[in-house]
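The values are calculated or read from the model by the stated rules, or taken from the named source; none is laboratory data. What you see is a predicted model, and the numbers here were worked out from it, not measured in a lab. Every residue, glycine among them, receives a Cβ derived from its backbone with ideal geometry; neighbour counts consider all protein chains shown.
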């Protein structure tokens with residue numbers, strides 16, 4: 001009888017929860033919280049913030065143990081910390097929160113939203129994909145040709161985080177991207193060949209830019225030169241993808257999230273960039289837009 005009464009109590013509680021459930025506001029509330037948590041997890045993934053999060057979990061578990069043992073002095077200290085937890089979280093996760101907000105405000109994120117809700121959104125997304133594919137193909141072609149000729153290059157693909165401070169260290173070009181333009185920038189006798197080029201909105205926006213070197217000097221191979229260290233440093237401090245062509249060996253590498261992928265082919269670089277920068281377009285909606293335009 002005890003088990004039956006327990007089950008009866010459980011189901012009555014479940015029913016009471018659903019009886020007060022507002023299918024519109026409560027569902028939207030759950031979806032919003034899920035998206036926020038997912039966004040935060042995607043931002044802190046593979047970053048120092050993930051280690052901090054693990055430390056916070058350990059801190060909470062320690063507080064539970066202290067509470068169970070009724071350790072009054074320790075409980076007092078823990079509660080003082082929890083009283084100011086929101087301020088502490090804002091300070092600790094300030095860079096990650098900034099990245100999340102910048103990611104939401106990027107034009108690429110806007111295109112993804114409009115492709116879902118706007119009649120012409122999928123068409124705009126397809127136009128963006130076409131231009132981005134042309135840009136990436138031109139850069140990869142230039143990278144392969146510079147690799148064959150042992151010409152060093154450092155090319156930054158800006159993403160959600162604006163790189164205005166880096167762009168200000170170079171020369172504004174705002175040129176349409178072709179493989180010839182890329183190679184001319186990094187030609188050994190060019191005045192801009194020593195710095196990095198920044199690609200923004202499918203255009204060669206700036207060149208001759210100065211990048212920060214990685215702070216993880218002891219973890220980076222001694223065989224890597226300044227270009228590779230600068231690429232890693234740039235990817236540590238932003239969400240950009242940084243393409244490197246070695247002047248000594250001609251090898252092509254890609255830095256992202258503080259990691260360096262070495263000895264890549266131009267095809268592997270192309271696939272990596274296309275996977276990151278292209279927007280998924282709903283095929284059914286694309287067909288529906290085409291039918292509507294035809295009518």
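Report, by residue number, each residue of region 203-226 that is crowded, with 17+ Cβ neighbours inside 10 Å and modelled with pLDDT of 90 or more.
Scanning region 203-226 gives 204, 205, 206, 207, 208, 209, 211.
Please tell me if residue 260 is surrounded by 23 or more Cβ atoms within 10 Å (Cβ to Cβ) and in contact (Cβ under 8 Å) with a residue 12 or more places away in the chain.
Numbers: surrounded by 23 or more Cβ atoms within 10 Å (Cβ to Cβ): no; in contact (Cβ under 8 Å) with a residue 12 or more places away in the chain: yes.
Spelling it out, it is not the case that residue 260 is surrounded by 23 or more Cβ atoms within 10 Å (Cβ to Cβ) and in contact (Cβ under 8 Å) with a residue 12 or more places away in the chain.
Taking the options 120, 129, name whichever one is under 19 Å from the mean Cα position of the chain (by Cα) and either at pLDDT below 95 or surrounded by 15 or more Cβ atoms within 10 Å (Cβ to Cβ) (or both).
After ruling out the rest, the residue left standing is 129.
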